[in-house]
Amino acid sequence: AALKGGGLGVYRSDDDCNSFTFVANIATGNDDKEIMAVDNNVASPNYGRLYVAWTDFGSGAQIYSTFSSNAGATWSPQIALSATGEDVQGAWPAVAPNGDVYVGWVHWMSPGFPNGNLEIQIARSTNGGAGYTLVTSPMVNQTNPRDAAAQTFCGRPALKGNIRYLPNPTLAVDAAGVLHAVYSYDPDATGVGDAANVYYRRSTDNGATWQPEIKVNDDATTTDQYQPSLSVGEGNVLAVGYYSRQNDVANNLLI
C-alpha cells in the first residue's frame, strides 16, 4: 500500500518482491501514512482479507480504515475510527488469530497538536473491519517527545538534531490473542536532555485492561530512544526494535 496521486493505491508482487504491479486505488483523498495488515490465519473467518489504516486530512484529519476481500481489487467504503475535531496521526493495524482487527494511533490531547500531551487510542473490530469500537488506552496524558530548540526550528515536535518525530504506536497480536503495544514519550516532560524513552504494555482481554507499563530501553543515560517497532513470532516471542543514542553522550549519534 502506498501514496498514489493524493490518495492511496495497492500494488502486488508475485515474484518475491522483484517487481510490483498496480492493482487498484484504495482511497482518493488527502491521505497520508498508510499501513496495511493481512489476515494470514487460515482458521480466521476472514482469512486473506487486507486491511489498510491511514489519516485522511481531507475529511477532518481523522483515522480511517478499509478492507479488501478479493486481493485488493475492490475496497470497502472507508470508515472513520477517530472522533471528529481531534488531532490524530500514525495509524497502525494488527490482526488477531480469531480475525479481530486492532488499529492504534496517537492523539494529541487539549490544546491539540503540537503542544498537547499524548494519548494512544486503539479501536477494535470484531466483524472483519465493518465497524470498530474504542478500547481502553494503554497510555494517556504523557508529554510529546520533543527538544525545545528542535521544535522551534522545525515548527513541530522534533528531537535534537532537528529530526521531526511522530510518536505513533506499533501493535501486534500473538497466537494466544494477547495484544501488545509499544510507544514513546518524554519521561521527564522538560523538553531538554532525555526527550524520549520506549515503553511497552500488554492486554490479555482485548484491550479492556492493560498490565503495568514496562520501560523497554534499559540504559541509564539521558539520551533519546525513539521510534519503536514491535513484532511477535513463533512461541509468542516478542521483539522490539528502536533507535538509541545511548552510546553518544552528546545525544546526537546512533552508534
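Quick notes on this structure:
- Scanning segment 206-221 for residues that are of a type outside the set (A, V, I, L, M), surrounded by 12 or more Cβ atoms within 10 Å (Cβ to Cβ) and within 26 Å of residue 248 (Cβ to Cβ) returns 215, 217, 219, 221.
- Among residues of segment 120-166, those that are in a loop (DSSP other than H, G, I, E, B), surrounded by fewer than 20 Cβ atoms within 10 Å (Cβ to Cβ) and either touching a His at 6+ places or on another chain (Cβ under 6 Å) or of a type outside the set (S, T, N, Q) (or both), counted: 7
- Test result for residue 227, open to solvent by 90 Å² or more (accessible area, probe 1.4 Å) and modelled with pLDDT of 95 or more: yes
- Hits in segment 60-89 (condition: open to solvent by 60 Å² or more (accessible area, probe 1.4 Å) and in contact with an Asp or Glu (Cβ under 9 Å, 6 or more places away or on another chain)): 78
Condition check ((1) in contact (Cβ under 8 Å) with a residue 12 or more places away in the chain; (2) assigned to a loop (DSSP other than H, G, I, E, B)) across all residues:
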| position | (1), (2) |
| --- | --- |
| 172 | yes, no |
| 177 | yes, yes |
| 182 | yes, no |
| 189 | yes, yes |
| 192 | yes, yes |
| 205 | no, yes |
| 219 | yes, yes |
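- Candidate set from segment 1-26 (those that are polar (S, T, N, Q) and free of Cβ contacts under 8 Å to residues at least 12 places away in the same chain); member that is least open to solvent (accessible area, probe 1.4 Å): 13
The values are calculated or read from the model by the stated rules, or taken from the named source; none is laboratory data. A quick note: this is a predicted structure, and the numbers were derived from the prediction, not measured. Counting neighbours? That spans all protein chains shown, and the Cβs are built from the backbone with ideal geometry, glycine included. For the accessible areas, the whole protein counts, side chains as well, though only heavy atoms, and no ligand, DNA or RNA atoms are used. Shrake-Rupley method; radii C 1.70, N 1.55, O 1.52, S 1.80 Å.
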